[in-house]
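To keep things clear, I will list the structure first and then write my remarks on it.
The values are calculated or read from the model by the stated rules, or taken from the named source; none is laboratory data. Because the structure is predicted, anything quoted here is derived from the model rather than measured. Note that we place each Cβ from the backbone using ideal geometry, even for glycine, and neighbour counts take in every protein chain shown. These accessible areas exclude ligands, DNA and RNA; they are computed on the full protein's heavy atoms, side chains included. Shrake-Rupley method; radii C 1.70, N 1.55, O 1.52, S 1.80 Å.
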Amino acid sequence: MKIFSKAQIYLGDKLTAERQNITSTELMERAGTQIFNWMHARMQGAQVPVHVFCGIGNNGGDGLVLARHLVTHGYNVNTYVVNCSDKRSKDFLVNYDRIKNVTKKWPTLLKCADDFPEINANDIIVDAVFGIGLNRPIEDWVKQLFLHFRATKAFTLSIDIPSGLYPDKAVEDKEAVVYAGFTLSFASPKLVFFLPETAKYTVQWEVLDIGLDPEYLYTTETEAQLIGKHEVLPNYIARDKFSHKGEFGHALVIGGSYGKIGAVTLASRASLSAGAGLVSAYVPKCGYMPLQASFPEAMVITDKDEAILTAIDFEIEPTVIGFGVGVGTNIKTIAAFEAFLKTNKQPLVIDADGLNILSKKKSLLKLLPEHCILTPHPKELERLIGAWTDDFDKLNKAKALSKKYKLILVLKGANTITIFNEKLFINTTGNPGLATAGTGDVLTGIITGLVAQGYHPSVAAIFGVYLHGKSADIAVEDFGYQSLLASHIIDYLGEAFIDLFKQPEQTPQPQEAKEETKK
């Protein structure tokens, strides 16, 4: 699913009006009606008090359309105009007149905190105050109104975007934003719904189709894309009946140190479970017996040193190399890694201490092969790019690093973001159960295993992140968040692959259900 920018949405509105020969007022009517249909399908005429708060721009106009339909369908609705400026949009004024024609209870004008209405916890608030066009800090009394929303504990539904939230930059005042229980977003979700600092402003969201020009939506390239099953499935490489292990690559996992051989075991197991034909592990001597005993499918190569890696020297010809899990940052290991990079020609996936080594010695970044995959968690990313002021600054710095060294960055988080060619691929799978030791090692292994099979590194990163999260989503149903282990993700990886091809269950039609009952 594409995530359109503010400018692209405005252009889409304009082109839709031109190509469909409709006015902006008619497009607003369409949007407000869709919101009403969404609410009406769920409320079915219930007389729960609904408080619709409208700004004086186009978002407020959408709110007035909604309020008018609620009134004409007999709902218990109260409409308010948040009078925060003297400038009113043309379409707002049109719909302000229209609602006055269907009810004697005209919208209440709010000008200060003394005007705030009483709202009960069981009521519904509809936030139609500000849309994506907000470009300045809001007045203090409007901030107090948003705090009033929160204090009531009423369910809050935001139209398009929670008011006070910008679609393309960080907020100045974190309290001057509506906290929505649900947001109905036009055309596409907004990027801010998936960033750590701003995702908290809407618990859930849904995209409403307001009939924007299909050709424009289909052909427009966006910077960000939301990744789900339908986005990754076309990249799946099917296997031929007569294929053999030699066709699916040889993954080499280099890492481990005394006490941290488990990280290599997890990454190696994940790589094989992701489909690599062969997997070898390169570890210190102390890792030989643990790996051979716990993971017999792997081949093991050892360093001369008992506890750490002091050289990276092997005779095999791997298809891809995963480096860094559990490896430590001993000075001898850093020297071994630098020497390895100077001669390596294979695709690389780098995680954990491999990233910390790059942070300690940034000159090594220029030795990385093109499309090398780095998988940092937030702290590892900060060591690579420096501190950031907000999430947008973080993304800009990460994109700059990716562009400079032609890297693929996997920014791990609740919505892991993969950066490639200055584009953002935002993952939708995964859950809090992944916040446990070893899950990053598993992700490294999955991505390495996919690259081994011939997936382009960018596809392997995006697909690997999706499978990793989906496996956790399936496993958490059996183990819960607290008891989910990294090894469970490997165990359920096969089910994540199978789920790619599952079709949604069809609801039987009345006649079909009747015939089924007769049987």
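The numbered conditions (1) touching a Ser or Thr at 6+ places or on another chain (Cβ under 6 Å); (2) of a type in the set (A, V, I, L, M, F, W, C); (3) surrounded by fewer than 23 Cβ atoms within 10 Å (Cβ to Cβ); (4) within 24 Å of Ala460 (Cα to Cα) are all true for Leu278 except (1).
In the stretch 259-285, the residues that are over 17 Å from Leu443 (Cα atoms) and β-branched (Val, Ile, Thr) form Cβ pairs under 8 Å with partners that are in a helix (DSSP H, G or I) and open to solvent by less than 10 Å² (accessible area, probe 1.4 Å), at six or more places apart or across chains, as follows: Val283/Val264; Val283/Leu291.
The number of residues in the stretch 423-480 being more than 15 Å from the chain's Cα centre (by Cα), within 23 Å of Lys403 (Cβ to Cβ), not aromatic (Phe, Trp, Tyr) and not in a helix (DSSP H, G or I) comes to 1. Residues in the stretch 154-166 that are under 12 Å from Ile124 (Cβ atoms) and assigned to a loop (DSSP other than H, G, I, E, B): Ala154 alone. Taking the stretch 352-376 as the range and being within 20 Å of Asn421 (Cα to Cα) and open to solvent by 10 Å² or more (accessible area, probe 1.4 Å) as the test, the residues that pass are Lys366, Leu367, Leu368, Pro369, Glu370, His371. For the stretch 45-61, a residue qualifies if it is assigned to a loop (DSSP other than H, G, I, E, B) and surrounded by 24 or more Cβ atoms within 10 Å (Cβ to Cβ), and exactly one does: Gly55. Within the stretch 43-58, residues that are within 27 Å of Trp141 (Cα to Cα) sit with their Cβ atoms under 6 Å from residues that are basic (Lys, Arg) and open to solvent by 10 Å² or more (accessible area, probe 1.4 Å), at 6+ positions apart or across chains, in these pairs: Ile56/Arg88.
So, of the residues in the stretch 115-172 that are among the aromatic types (Phe, Trp, Tyr) and open to solvent by less than 10 Å² (accessible area, probe 1.4 Å), which turns out to be nearest to Ala7 (Cα to Cα)? Checking each candidate, the answer is Tyr166. Only residues that are more than 14 Å from Thr448 (Cα to Cα), in contact with a strand residue (DSSP E or B) (Cβ under 7 Å, 6 or more places away or on another chain) and of a type in the set (Ser, Thr, Tyr) were counted in the stretch 270-322, giving 3.
Conditions (1) farther than 30 Å from Arg136 by Cβ; (2) touching a Leu at 6+ places or on another chain (Cβ under 8 Å); (3) buried (at least 21 other Cβ atoms within 10 Å of the Cβ); (4) at pLDDT 95 or above, marked per residue:
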position	(1), (2), (3), (4)
Gln34	no, yes, no, yes
Leu64	no, no, yes, yes
Arg68	no, no, yes, yes
Cys84	no, no, no, no
Lys87	no, no, no, no
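Only residues that are in a loop (DSSP other than H, G, I, E, B) and either charged (D, E, K, R) or at pLDDT below 95 (or both) were counted in the stretch 253-298, giving 2. Scanning the stretch 92-106 turns up at least one residue that is open to solvent by less than 20 Å² (accessible area, probe 1.4 Å), out of contact with any Asp or Glu (no Cβ under 6 Å at 6 or more places or on another chain), modelled with pLDDT of 85 or more and among the aliphatic types (A, V, I, L, M).
Among the criteria (1) touching a Phe, Trp or Tyr at 6+ places or on another chain (Cβ under 8 Å); (2) free of Cβ contacts under 8 Å to residues at least 60 places away in the same chain, the one Asp351 does not fulfil is (2). The residue list Glu297, Glu315 contains one member that is more than 36 Å from the chain's Cα centre (by Cα), assigned by the TED database to the domain that holds His371, of a type in the set (D, E, K, R) and open to solvent by 10 Å² or more (accessible area, probe 1.4 Å), which is Glu315.
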